[in-house]
Protein chains: 4
Amino acid sequence: MSNINDEHKIQLIVTGGTIDSFYDTDQCTTVCHDETAIPDFLAKFANITADEYELFEACMKDSREISNEDIQEVSNAIINSKSSRHIVTHGTFTLFESARTLMAMLPDNHGQVIVFTGAMWPLVGFSPNDAGFNLGSAFVAARLATPGVYIAFNGKLYLPTDQEGLH
Amino acid sequence: MSNINDEHKIQLIVTGGTIDSFYDTDQCTTVCHDETAIPDFLAKFANITADEYELFEACMKDSREISNEDIQEVSNAIINSKSSRHIVTHGTFTLFESARTLMAMLPDNHGQVIVFTGAMWPLVGFSPNDAGFNLGSAFVAARLATPGVYIAFNGKLYLPTDQEGLH
Amino acid sequence: MSNINDEHKIQLIVTGGTIDSFYDTDQCTTVCHDETAIPDFLAKFANITADEYELFEACMKDSREISNEDIQEVSNAIINSKSSRHIVTHGTFTLFESARTLMAMLPDNHGQVIVFTGAMWPLVGFSPNDAGFNLGSAFVAARLATPGVYIAFNGKLYLPTDQEGLH
Amino acid sequence: MSNINDEHKIQLIVTGGTIDSFYDTDQCTTVCHDETAIPDFLAKFANITADEYELFEACMKDSREISNEDIQEVSNAIINSKSSRHIVTHGTFTLFESARTLMAMLPDNHGQVIVFTGAMWPLVGFSPNDAGFNLGSAFVAARLATPGVYIAFNGKLYLPTDQEGLH
């Protein structure tokens, strides 16, 4: 195989959000899984096994409950990772805000490729959904983009300063 | 918005394949839609409306039935397009072969970014599936890659010479 | 064919509810379709075409907003129908209550078979769901039960007085 | 709760078929699960737990491979069951034929309610599908029908002699 696909593993940092939620029939809304459902999807449907990426579960939260401490944890995970390419799955309400917070926490010249993504419909249990679409776009963005913090959403790549939010 | 997302429209060329199929209960297998189901998905789930990309339906075929004439049509569509960024949806059986055929048809220094993609499970009616994941990855690959012919699959980007096939 | 399936058409009365809803990404909850999605499902997946049943759309409401006037409309539709077998799709919050309200509105010896049903997950866009399961059970209940008012749910048939609610 | 729902457990006999299959991406067709997926669906989506019914897995086969020995096993399971109400999930190709074979194997006046069902689309992984619809209808048919052998399909109840097949 060619060396287009960076030999370094991607680090996948999950924080929760709709992308990693199920429909709770009592609350009539989407609620984060206790444990991320993304690795199971990647293994079964994209043939991406656990040994191909570094998984870090920062938290499993609705993005409206994400705190600076949570983003600090994401930042630490990135700094401590052997990988220089990172995907952060996150709720859509504060996706751009968290990206800006992270950007401010990281040292200048961090040299990392960091791609946030999320979804309006969960990855599992909803058909069709945008979760797979956005997640797939984040994987390729993490491989191809130059160092920086990005948001992969709806087939496009945004900068943290591009938008206030998605809702 | 930043200019990360190339201002030029992407050209989406569909040729059929499992990604654009439904489950036929008589034949007990997946069969291509008469008309591509991808634009409807893009509009409803990725907020990508028809005016954002150029659509060209080369054919709607199982990839084992794709002929050189079909790939010639894909090649012509690329040459005649105003866009320099192209996605080709295609069946998985001959995905790499068609990418090689196209590469041989194109002039040297064509300067185009061409991203083939496909799926093992159809985009609609199958839950979960890899079709959205691969399609999303193709959109970002089409935006970020340097000129060349690629295959976006399973969150990676391949060269046409990388593999014989996917089955 | 045998005459097991009552020759009279079933009347399908829709009132909304989760069974006939979609996931609204702005409100992060299920919201009733503007128009019932049930006939399209029946035609495409159960081969039950529009000429096989009488459709009456009483309203498209979350069951917590169903009024006595809405149930009165259901009652009138039943009385005015040529069919003696009726399915009422309804939200789950007040499913049993509405069944009791209807029972009180109907004349004694009404001679009608009336089967309420609903779901915790919508019929379309959620996979898997209980909506198809409950709807299928309601069709057979409407065909086989003796006159009376019933709730078909979770593979069982209940009487309106059996439960307070489902949430 | 009222005694509408027969106090005796239902016996669920699975034999395979499309209803209990997944889409095999290598063969591009549906293939029976190694182990039935129905109990998991019933528990999670219809709140029907394993202690509520007797499960018997006769085989997991495409109905075109069902032998008289398989139906004999179904017959034995029915005779040996404490339940007098039985659901048999089965492929659609030979659904009516197997029902006739079973009917011929059972003693006269067997006093059992036996409801065959199946589906054109599998219960899991396909959205929408008819599998839940037909399975739900079989549960209510098993509870309400008088002794006999039936096929619950597309919201109707058929006799084994009604049709040759469904394909």
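Put simply, of D:His86, D:His90 the only residue that is closer than 25 Å to B:Phe22 by Cα, away from every other protein chain (no Cβ under 13 Å) and either of a type in the set (A, V, I, L, M, F, W, C) or within 16 Å of the chain's Cα centre (by Cα) (or both) is D:His90. When you check D:Ala43 against the structure, is it modelled with pLDDT of 95 or more, small (Gly, Ala, Ser) and part of a helix (DSSP H, G or I), yes or no? When the stated conditions are applied, D:Ala43 passes them. Evaluation of B:Glu35 against the conditions (1) outside any loop (DSSP other than H, G, I, E, B); (2) closer than 23 Å to B:Gln72 by Cα shows that the sole unmet condition is (1). Note on region D:124-140: residues that are facing chain C (nearest Cβ under 7 Å), within 13 Å of the chain's Cα centre (by Cα) and within 28 Å of B:Asp24 (Cβ to Cβ) total 6. Of the residues making up region A:83-134, just one is charged (D, E, K, R) and modelled with pLDDT under 95, namely A:Asp108.
Within the option set B:Thr15, B:Thr29, B:Thr36, being modelled with pLDDT of 95 or more and out of contact with any Asp or Glu (no Cβ under 7 Å at 6 or more places or on another chain) holds for one residue only, B:Thr29. When A:Asn5 is tested against (1) at pLDDT below 95; (2) farther than 18 Å from A:Leu135 by Cβ; (3) buried (at least 17 other Cβ atoms within 10 Å of the Cβ), exactly one condition is not met: (2). Scan region D:40-73 for residues that are under 21 Å from D:Leu123 (Cβ atoms), of a type outside the set (Ser, Thr, Tyr) and touching a Leu at 6+ places or on another chain (Cβ under 6 Å) and report the count. Total satisfying the criteria: 3.
To keep it simple, each residue is scored yes or no on (1) touching a helix residue (DSSP H, G or I) at 6+ places or on another chain (Cβ under 6 Å); (2) in contact (Cβ under 8 Å) with a residue 40 or more places away in the chain; (3) within 17 Å of A:Ala142 (Cβ to Cβ).
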residue: B:Phe93; (1), (2), (3): yes, yes, no
residue: B:Ala99; (1), (2), (3): no, yes, no
residue: B:Met105; (1), (2), (3): yes, no, no
residue: B:His110; (1), (2), (3): no, no, no
residue: B:Val113; (1), (2), (3): yes, no, no
residue: B:Ala119; (1), (2), (3): yes, yes, no
residue: B:Ser127; (1), (2), (3): no, no, no
residue: B:Gly136; (1), (2), (3): yes, yes, yes
residue: B:Ile151; (1), (2), (3): yes, yes, no
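Scoring B:Ala77 on the criteria (1) more than 14 Å from chain A (Cβ to nearest Cβ); (2) more than 24 Å from A:Lys156 (Cα to Cα); (3) modelled with pLDDT of 95 or more; (4) over 12 Å from the mean Cα position of the chain (by Cα) leaves a single failure, condition (2).
Residues in region A:71-90 that are out of contact with any Lys or Arg (no Cβ under 7 Å at 6 or more places or on another chain), touching a residue at least 12 places away in the same chain (Cβ under 8 Å) and not aliphatic (A, V, I, L, M): A:Gln72, A:Glu73, A:Ser75, A:Ser81, A:Lys82, A:Ser84, A:His86, A:Thr89, A:His90. Residues that are within 20 Å of B:Ile10 (Cβ to Cβ), crowded, with 19+ Cβ neighbours inside 10 Å and either among the polar types (S, T, N, Q) or more than 10 Å from every other protein chain (Cβ to nearest Cβ) (or both) within region B:26-41 comprise B:Thr36, B:Ile38, listed in sequence order.
The condition of being within 15 Å of the chain's Cα centre (by Cα) and either surrounded by fewer than 20 Cβ atoms within 10 Å (Cβ to Cβ) or more than 30 Å from B:Phe153 (Cβ to Cβ) (or both) does not hold for A:Lys44.
The values are calculated or read from the model by the stated rules, or taken from the named source; none is laboratory data. Remember, it's a predicted structure, so these values are computed and weren't measured experimentally. FYI the Cβ positions are ideal-geometry reconstructions off the backbone, even for glycines, and counts take in every protein chain you see.
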